[in-house]
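Here's the structure, in structure tokens; my notes come after.
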Amino acid sequence: MDLLFKNIEIISPTDNISGYYDLAIRNGIIEYIENPGRNMDNDFEEIINGDGLTIVPGFFDMHVHFRDPGQTEKEDIESGVNSAANGGFTGVLCMPNTKPAIDNKDVISYILEKSKDMIVDVYVSACASRNREGKELAELNELFDVGAIAFTDDGSPLLNRKILSETLKFSAKNKSPFLQHAENYKLSGSGAIHRGKVSEKLNIEGIPYESETTTVKNDIELANSIKDSRYHVQHLSCGETVDIIKSARTTNQNITCEACPHHFILTDEIIYKEGSNAKMNPPLRERKDVERILLGLKENTIEIICTDHAPHTTVEKSKGLSEAPFGIVGLESCVGLSYTFLVEKGFISFAELVKKLSDNPRRILNLPRISIKQGEKAVLTILDTNKEWVINSDNFKSKSKNTPFNGFKVKCKPFGIYNNNKFYQSEL
């Protein structure tokens with residue numbers, strides 16, 4: 001789709017661009033970026049007045065669950081892509097806890113074929129162990145060759161040291177990171193929420209800090225022993241985990257991590273109000289953990305913001321805290337929440353937010369970096385940064401509505417995305 005943005009702000013930290021320009025796109029390629037008004041071409045399918053809008057390199061969420069194949073009543077590739085586009089994301093990395101799990105080339109081929117030519121780029125992570133059971137190493141070479149760009153047993157931790165070691169060796173050779181769901185089952189047991197005052201008051205089994213922190217400590221020791229291995233901690237929740245990773249990164253920059261909006265905004269006390277819609281794994285922790293995660297984002301110990309978009313049906317989430325599944329949707333609330341609670345509150349700059357949502361995940365996943373320059377493919381997120389809005393799950397394109405953020409007043413609204421020669425305008 002040929003498109004011209006007139007007098008629009010462009011912020012691209014990796015290109016050192018920050019200013020107002022006319023930006024023209026033809027056949028999916030950036031034709032020119034010029035000072036406003038210099039070029040009077042009007043032969044475009046659509047011309048958008050950029051007043052109040054900002055273009056940034058397309059956002060990428062490296063942690064989503066699209067439930068396809070096997071649980072398409074919750075989400076499928078099409079609805080997941082629609083949700084991502086509506087939330088301002090041009091690319092996603094799907095987790096492998098589908099049914100069947102992504103531990104064979106046929107499932108990868110199915111996902112890549114089904115998502116082919118869509119406006120959002122869909123990438124696949126594959127299981128490190130067969131069926132995510134932690135008993136037998138998956139066929140990493142075969143999975144990598146057919147399209148997997150990362151390995152994880154997400155939804156389950158990989159605690160088998162032999163398999164973890166082989167996966168880390170593979171990551172060193174192929175620059176494909178291992179992504180760890182940091183949890184020790186022996187410690188977390190059948191816990192449903194954080195072990196603390198809330199779990200005690202509700203008389204519900206809790207998940208202790210040690211379930212996450214001891215796993216990360218042990219894994220980093222192993223990762224440090226394997227030269228050039230790439231170890232990434234998913235959706236961290238504990239303040240101590242931030243400290244562990246910060247210390248590790250002083251000598252090993254291949255130790256990386258991500259944080260989700262729910263973990264840098266909410267505490268376990270919101271469970272009193274939201275119930276199972278505030279149940280996720282790892283769980284919401286305490287105020288001291290939120291504060292330390294915010295500091296970790298500010299210090300850049302935490303380089304990635306992702307969503308852990310985990311759709312579930314209303315019926316499933318109505319089963320109560322102990323029985324309801326873990327997880328919330330996040331693709332369509334992430335931008336507003338991140339801008340409001342990070343940029344507006346002064347923890348990070350807008351440029352740093354863009355890096356954490358765009359360039360950093362692509363760098364860690366060894367994907368092509370996005371550049372906003374003449375002759376480059378147009379992969380763009382367009383934001384209305386000054387727009388104040390209220391999160392309303394009725395406007396979500398996801399099949400599922402399980403979020404604790406309904407009614408939150410936020411600032412910075414996704415306006416649209418441009419990718420793969422297609423333009424989508426958000427309907428949030």
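The values are calculated or read from the model by the stated rules, or taken from the named source; none is laboratory data. Since the structure is predicted, the reported quantities are computational estimates derived from the model, not experimental observations. FYI the Cβ positions are ideal-geometry reconstructions off the backbone, even for glycines, and counts take in every protein chain you see. Areas reflect the complete protein model, heavy atoms only, side chains present, ligands, DNA and RNA absent. Shrake-Rupley method; radii C 1.70, N 1.55, O 1.52, S 1.80 Å.
Summary of computed values
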| item | result |
| --- | --- |
| Condition met for S333 (surrounded by fewer than 20 Cβ atoms within 10 Å (Cβ to Cβ), at pLDDT 95 or above and out of contact with any Lys or Arg (no Cβ under 9 Å at 6 or more places or on another chain)) | no |
| Selection status of S125, in contact (Cβ under 8 Å) with a residue 24 or more places away in the chain, more than 20 Å from V146 (Cβ to Cβ) and touching a Phe, Trp or Tyr at 6+ places or on another chain (Cβ under 7 Å) | no |
| Failed item in (1) crowded, with 18+ Cβ neighbours inside 10 Å; (2) within 23 Å of the chain's Cα centre (by Cα), with G147 passing the rest | (1) |
| Set P96, P57, P100, P13: member being at pLDDT 95 or above, over 29 Å from K356 (Cβ atoms) and within 27 Å of the chain's Cα centre (by Cα) | P100 |
| Of residues in the range 189-234 being part of a loop (DSSP other than H, G, I, E, B), closer than 24 Å to A128 by Cβ and not polar (S, T, N, Q), the one most open to solvent (accessible area, probe 1.4 Å) | K227 |
| Selection status of D243, in a helix (DSSP H, G or I), open to solvent by less than 10 Å² (accessible area, probe 1.4 Å) and of a type outside the set (A, V, I, L, M, F, W, C) | no |
| Which numbered condition S318 fails, given (1) small (G, A, S); (2) surrounded by fewer than 18 Cβ atoms within 10 Å (Cβ to Cβ); (3) under 30 Å from L295 (Cα atoms) | (3) |
| Selected residue (only one of N402, N386, N406 is touching a Lys or Arg at 6+ places or on another chain (Cβ under 8 Å), under 24 Å from T340 (Cβ atoms) and either of a type in the set (D, E) or open to solvent by 40 Å² or more (accessible area, probe 1.4 Å) (or both)) | N386 |
| Answer residue from the range 361-383, given it is assigned to a helix (DSSP H, G or I) and open to solvent by less than 30 Å² (accessible area, probe 1.4 Å) and is farthest from L53 (Cα to Cα) among those | I364 |
| Positions within the range 112-131 being farther than 15 Å from S176 by Cβ and either touching a helix residue (DSSP H, G or I) at 6+ places or on another chain (Cβ under 6 Å) or buried (at least 23 other Cβ atoms within 10 Å of the Cβ) (or both), in sequence order | K114, S115, M118, I119, V120, S129 |
| Subset of the range 274-301 (residues that are open to solvent by 30 Å² or more (accessible area, probe 1.4 Å), touching a residue at least 24 places away in the same chain (Cβ under 8 Å) and part of a helix (DSSP H, G or I)) | E274, N277, K288, E291, R292, L295, K298, E299 |
| Residue selected from the range 344-389 under the condition within 17 Å of the chain's Cα centre (by Cα) and among the acidic types (D, E), by the criterion farthest from Q234 (Cα to Cα) | E352 |
| Failed condition for G155, given (1) at pLDDT 95 or above; (2) over 16 Å from R230 (Cα atoms); (3) under 23 Å from the mean Cα position of the chain (by Cα) | (1) |
| Residue identified as outside any loop (DSSP other than H, G, I, E, B) and either under 26 Å from A148 (Cα atoms) or among the β-branched types (V, I, T) (or both) among S358, S398 | S358 |
| Within the range 3-58, tally of residues that are among the hydroxyl-bearing types (S, T, Y) and either without any contact (Cβ under 8 Å) to a residue 40 or more places away in the chain or open to solvent by 30 Å² or more (accessible area, probe 1.4 Å) (or both) | 4 |
